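Where a number appears in this text, it was derived from the coordinates with a stated rule and is not lab data. The structure displayed is predicted, hence computed values, not measured ones. Every residue, glycine as well, gets a Cβ built from its backbone with ideal geometry; the counts of neighbours run over all protein chains shown.
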Ligand SMILES: *Cc1c(COP(=O)(O)O)cnc(C)c1O
């Protein structure tokens, strides 16, 4: 028997979630975001699972795009940060990629390139997040330069939201208004919405939407939001009990004796730890499931192991299955208890954890 830690990936659920995303904005095209190895799920597997259904894929850099092309993924691929240096432009051409322009220097690199075919460009405006993107006032002239350039193909106008998950906050409405003010009359499609934008802001559902985290079944909104309800978990992080012991009241558990048993306590040890990507900052009480029953993490998470409370589960034995997140345990609950977000938990699942794929490919 090998080490039981694994991440089970449900590709049918990924496809279901992609269809949910599309259903929120009928007639609109979707860029399925598969950057960072499809949020830890495996970019090639996810791209193959979406097959011909995905209108396009979004990645962070050329290496991620090349990985998809080498795996024979033929759909359009967008580099979400564009190129980092002009030397990459021949690869953009060779691998048939679309690229973002978020600063004027990238525009100059593109205009001075001499590709043998037209390059598609997504022109990004900073409408208020203040991370990347052209100033709103600079967008129109940048668009005109690209539109007049004979080797530039299709153009899309895009922006990105800082606070779309905050439903009571006016920032998203202001970002949309800023975008609309500065693109008025430009004859190009729009792309505004990430998952939260798509789920919560109907004004943001324009020609192209860009769902990421929702494809992986973790809602960026509260669990009781109607758009969260239809999402299915795609990653089940699992392992097994490797040891069980009974401790008396007053006995400590694990490094630093963070947890001290307040009563006689049955303690289980699970073969998974922070070297696998389980968050070291998970607090006592973080939900975890044994044999499908919810219980709680107690004691500090170690590199390769963690400890949990089996007092209410007296039947549990070494070898019994443990779910860290997935069907019984919402990844968002683990994130909240670890002062992080589902995104970081997904991308943090380390290489040591084998991925087991389930679900039909198209
Ligand atoms: C990562 C990313 C997304 C997806 O965001 P989610 O919150 O995961 O839906 C969308 N657009 C851009 C530009 C991104 O970088």
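Calculate, for residue 222 and residue 174, the FRET efficiency according to 1/(1 + (r/R0)^6) with r their C-beta to C-beta distance and R0 30 Å; round to the nearest 0.05. Once the sixth-power term is evaluated, E becomes 0.85. For region 254-294, what class follows from the C-alpha gyration tensor (a ≥ b ≥ c being the square roots of its eigenvalues): rounded when a/c is under 1.5, otherwise prolate if a/b is larger than b/c, else oblate? It comes out oblate by the Cα gyration axes. Adding -39500 (n - 2.57) for every DSSP H run of four residues or longer, then dividing by how many residues the chain holds, sets the calculated 222 nm ellipticity at -7000 deg cm²/dmol.
Fully extending the segment from residue 341 to residue 44 would add 104.5 nm, taking 0.36 nm per residue of separation and subtracting the current Cα-Cα distance. In the chain, the longest principal axis of the Cα atoms and the axis of helix 139-148 are about 60 degrees apart. What the pair-distance distribution of the chain shows, using all Cα-Cα distances binned every 20 Å from zero, is 28, 49, 20, 3 percent. The label point for residue 145 and the one for residue 117, both projected 7 Å from the Cα toward the Cβ, are 2.6 nm apart. Quick one: length gained pulling residue 63 to residue 246 fully straight, 0.36 nm per residue minus the C-alpha distance? Result: 60.9 nm gained on full extension.
Given 0.36 nm per residue, what is the gain on full extension from residue 186 to residue 94 after removing their alpha carbon distance, in nm?
Here the answer is 30.2 nm.
Sorting 237, 80 by the number of Cβ atoms found within 10 Å of their own Cβ, with the fewest placed first, yields 80, 237.
Take every Cα pair under 8 Å whose residues are at least 6 apart in sequence, average their separation, divide by the length of the chain, and the relative contact order is 19 percent. Helix 11-24 axis versus longest C-alpha principal axis of the chain: approximately 50°, rounded to the nearest ten. Taking label points 7 Å from Cα along the Cα-to-Cβ direction, residue 358 and residue 207 give a separation of 4.1 nm.
For region 6-90, the square roots of the Cα gyration tensor eigenvalues, ordered a ≥ b ≥ c, give a/c of at least 1.5 with a/b no greater than b/c, which places it in the oblate category.
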